[in-house]
Amino acid sequence: MPRFHLNIFNGAGEAPDEEGQELANLAAARAEAIRGIRSLLAAELSEGKIDLGGRIEITDRDDRILQTIAFREAVTVNN
């Protein structure tokens, strides 16, 4: 199974995923990244703020960027 790294970039700084995770494919890595983004945003919301300016970069074991997911892509904001 391939290993993917989900590196976080947001207002708090950078959090590289040193260990990575074995996931079936890039679609599974994307789903995991979206779950992670939503978890981060939920924690922020409990503190009364949300920073949608962040992103997660999904990389392979050779540190090649396979996909970038903006935090904004993980949620729908209704007025």
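The values are calculated or read from the model by the stated rules, or taken from the named source; none is laboratory data. Being a predicted model, the structure only gives us computed values, none of them experimental. Here the Cβ is made from the backbone with ideal geometry for all residues, glycine too, and neighbour counts use every protein chain on show.
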**Message:** Every residue in region 1-36 that is more than 11 Å from the chain's Cα centre (by Cα) and of a type in the set (A, V, I, L, M), please.
**Reply:** Met1, Ala12, Leu23, Ala24, Leu26, Ala27, Ala28
**Request:** Identify the residue in region 1-37 that is in a strand (DSSP E or B), of a type outside the set (Asp, Glu) and without any contact (Cβ under 8 Å) to a residue 24 or more places away in the chain and, among all such residues, is nearest to Ile58 (Cα to Cα).
**Result:** Gln21
**Fill in**
Scanning region 37-61 for residues that are of a type outside the set (A, V, I, L, M, F, W, C) and at pLDDT below 95, the one surrounded by the most Cβ atoms within 10 Å (Cβ to Cβ) turns out to be Glu44
**Asked** From the list Asp51, Asp63, Asp17, which residue is acidic (Asp, Glu) and at positive phi?
**Response** Asp63
**Fill in**
If we keep only residues of region 62-79 that are touching a Gly at 6+ places or on another chain (Cβ under 9 Å) and free of Cβ contacts under 8 Å to residues at least 60 places away in the same chain, then the residue nearest to Phe9 (Cα to Cα) is Ala70
**Request:** Enumerate the pairs (first residue in region 38-61 and among the polar types (S, T, N, Q); second residue anywhere and in a strand (DSSP E or B)) with beta-carbon separation below 6 Å, excluding pairs fewer than 6 apart on the same chain, so at least 6 apart or on different chains.
**Result:** Thr59/His5; Thr59/Ile65
**Item:** Test: residue in region 18-31 that is over 17 Å from Thr76 (Cα atoms), touching a Leu at 6+ places or on another chain (Cβ under 8 Å) and charged (D, E, K, R)
**Value:** no
